[in-house]
Amino acid sequence: MSSVPPVFCTIGAVAPAPPGPADPAAALAPPGALVIRGGYVLTMDPEAGDLPAADVHIAGGLIAAVGAGLAVPAGTPELGAAGMIVAPGLVDTHWHMWNTLLRSMSADVDSTVLTGNADMFSIMKVTQGIVNALAGDEFAMTHRQALALGTIEGARSLGLGGVTGSLTPGKRADVICVSTGEPNLGVLTDPAHLLVTAAQPANVDTVIVDGRVLKRAGALTTIDPAQAREDARRALAGVRARAAG
C-alpha cells in the first residue's frame with residue numbers, strides 16, 4: 001500500500017489531507033432499515049412516475065419499495081415526510097461539464113462563480129436558463145428535463161444509471177427530502193418546477209446516502225461543521241504556503 005497521504009488538490013504542491021479515519025466509511029454505522037412516510041415522491045423513474053402522499057422503504061442501503069401505505073416489518077423506524085418533496089439525491093457529474101453550455105459566451109466559467117455557490121439546485125436552474133436562452137425558446141428545456149440532468153441522466157452519464165439517480169426498488173438508497181414549509185416553496189404546484197426554480201439547500205430537511213441518514217431536520221448527523229471548516233482552512237493555508245514557496 002502506498003505511503004503517500006491522500007490530498008485535497010495539487011496547486012503548486014500537494015496539500016496533505018487533515019488527519020482522520022483511513023476509511024471514512026468505516027466511521028459510519030452500517031445502513032439500517034427506514035421508511036419515509038407520506039411525502040410527495042418524485043421517483044424520476046418513468047414507469048413509476050410521481051406518487052403524491054407515498055412512502056419509500058429503505059433496507060440494507062437499498063430502496064426496498066416505493067408506494068402508498070407500504071407494509072414494513074414491525075419496528076422499522078419511520079421518518080415523517082408530509083409536506084415534503086422526496087426525490088433522488090442529486091448527482092454532480094463534474095462542475096466543468098455544465099460549463100460546455102457557456103462556451104459561446106465565455107472561454108471558461110467555473111460553476112461556483114456562475115451560480116454564486118456550489119449547490120445543484122442553482123446549477124439546474126442556470127443550466128435550464130442557458131439552454132432556453134440559446135434556443136430562443138423559454139420552453140426548450142422543461143423543468144423535469146433539467147431535474148433529470150441532476151438525477152437519473154447525471155447518473156447515466158457516469159455509468160451509474162442502474163445504481164442511483166431514481167427512486168427505483170433495488171437501487172442504492174440515495175434520497176433527499178425537501179421541506180415545502182418555507183415561503184419560497186410554500187405553494188406546492190409542480191414539484192419538479194419547484195426543485196429547479198425555487199429550492200435552495202436550506203430547504204433540504206433530510207439527506208440519505210447509501211441508506212445512511214447524513215442530515216435530518218436540517219442538521220448534519222455525521223459531520224462536525226466547525227471541524228470541517230477548520231480542516232478546510234488548514235488545507236487552504238497549506239496550499240497557499242506551498243504555492244508561494
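Computed from the coordinates by the stated procedures, all read-outs in this text should not be read as laboratory data. Nothing here was measured: the structure is a model prediction, and the numbers come from that model. Quick reminder, even Gly has a Cβ in these numbers, built from the backbone with ideal geometry, and neighbours come from all protein chains shown.
Listed values, structure above:
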{"item": "Residue order, fewest to most surrounding Cβ atoms within 10 angstrom, among 240, 172", "result": "240, 172"}
{"item": "Phi-based couplings in Hz for the range 49-66 (Karplus 6.51, -1.76, 1.60; Gly and Pro marked x)", "result": "x, 8, 10, x, 6, 10, 10, 10, 9, 10, 8, x, x, 10, 7, 8, 6, 9"}
{"item": "Rough spin-label spacing in nm, given labels placed 7 Å along Cα→Cβ, for residue 133 and residue 229", "result": "3.3"}
{"item": "Efficiency of FRET from Cβ geometry, residue 93 and residue 240, R₀ 35 Å, rounded to 0.05", "result": "0.75"}
{"item": "Mean Cβ neighbour count within 10 Å, used as a protection proxy, ranking 121-134, 43-56 highest first", "result": "121-134, 43-56"}
{"item": "Cα pair distances exceeding 17 angstrom across the range 191-239, given as percent", "result": "56"}
{"item": "Ratio Rg/Rh [Cα only; Rh per Kirkwood] for the range 121-170", "result": "1.08"}
{"item": "Extent along principal axes [Cα atoms of the range 124-245; Å; largest to smallest]", "result": "51, 36, 35"}
{"item": "Using a Förster distance of 41 Å, the FRET efficiency for residue 140-residue 47 (Cβ separation, nearest 0.05)", "result": "0.95"}
